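Bear in mind that the values in this text are calculations on the coordinates, not laboratory data. Predicted model only: the values in this text are computed from it and were never measured. Note that we place each Cβ from the backbone using ideal geometry, even for glycine, and neighbour counts take in every protein chain shown.
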Amino acid sequence: MSLFDFLKRKEVQVNKQIVTSVICIPSHIEDKIEIFSGTNGAFMAVGDVLMDVKNKVHYVFEMAEYDNRMKNSFKVAGKVIRISNDTIDEIDKHKAVIYISGETGSLDAARRLAYAATWVLDIGGIGIKIESAGKAFDNVTWNRLAAQLDDAAIYEMFVVDSLMMTDGTTYSCGMHNIGLKDTIVSGLDFVTAQNAVRIFNYYQVIDKPVIKANQTFQTDIDSPFYRITEEDNQPYKGDELFGNPFGMWRLTLE
């Protein structure tokens with residue numbers, strides 16, 4: 001079953017600022033029994049539901065057959081962390097594709113989903129992709145972040161902050177997974193713009209400020225000021241996976 005068919009059956013909804021994040025895991029696992037026997041009681045399965053016993057939450061669980069698009073999908077989405085060609089070749093040898101989806105829209109909810117995905121990955125997964133951000137990982141990189149699971153690690157798992165339009169506009173995608181607005185910057189070189197997007201996003205995640213339109217922001221004490229405004233025309237506005245119901249901040253250099 002394709003991702004399109006999966007999303008059609010398990011519609012991604014926005015309800016009271018709760019979003020559904022989707023994680024994809026190509027694997028060498030052949031059946032569900034192999035997964036749940038490997039969790040040592042940490043998870044239980046009821047139909048197409050994966051139950052996290054420890055955190056008392058549940059996720060939609062889907063196991064699909066081999067998908068010949070996985071190799072290219074991970075090659076594109078893995079550019080951010082530079083997934084090796086060996087890992088990409090191994091992904092092409094997968095036997096099944098596992099999709100786990102669940103309500104997020106906050107750092108803690110995303111942390112719980114990452115915890116569940118890590119269990120499945122460690123049983124027989126080859127790599128992991130956050131479908132609702134377009135970011136892919138090899139096992140080593142994901143497990144390094146999963147060993148921490150602090151707010152900074154969750155940001156690195158669920159957010160891409162280096163997307164660029166043809167006109168040089170740079171923006172992030174995936175902040176909706178953790179309940180925050182994405183960021184967009186125009187008119188600057190890529191390095192400067194991406195640095196501003198990343199630092200401002202981290203500012204939201206780590207400092208948890210109350211941000212209002214028309215406030216100013218500096219990336220450091222010696223840098224110029226950016227004016228913060230609401231961006232109505234999100235690059236992914238209305239997109240099931242990538243659209244951010246929380247909104248988007250635009251930074252404009254003063």
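Worth pointing out:
- Loop-resident trypsin sites (Lys or Arg not before Pro) (DSSP state other than H, G, I, E or B) in the stretch 188-254 with no more than 16 further Cβ atoms inside 10 Å of their Cβ: 212, 237.
- In plain terms, the residue of 206, 154 with the fewest other Cβ atoms within 10 Å comes first and the most crowded comes last, giving 206, 154.
- Distant alpha-carbon pairs in the chain (separation over 30 angstrom), percent: 27 percent
- Candidates 253, 46, 91 compared by Cα position along the dipole of the chain: farthest toward the positive end lies 46, with charges placed on Cβ.
- Counted over all Cα-Cα pairs of the stretch 179-254, pairs farther apart than 20 Å make up 27 percent.
- The chain, relative contact order [Cα under 8 Å, separation at least 6], %: 18 percent
- For the pair residue 215 and residue 93, the difference between a 0.36 nm per residue extended length and the Cα-Cα distance amounts to 38.9 nm.
- Using 0.36 nm per residue and subtracting the Cα-Cα separation, the extra length available between residue 167 and residue 48 on full extension is 38.5 nm.
- For the chain, the mean residue ellipticity at 222 nm estimated from helices alone is -8500 deg cm²/dmol, where every DSSP H run of n ≥ 4 contributes -39500 (n - 2.57) and the total is divided by all residues, rounded to the nearest 500.
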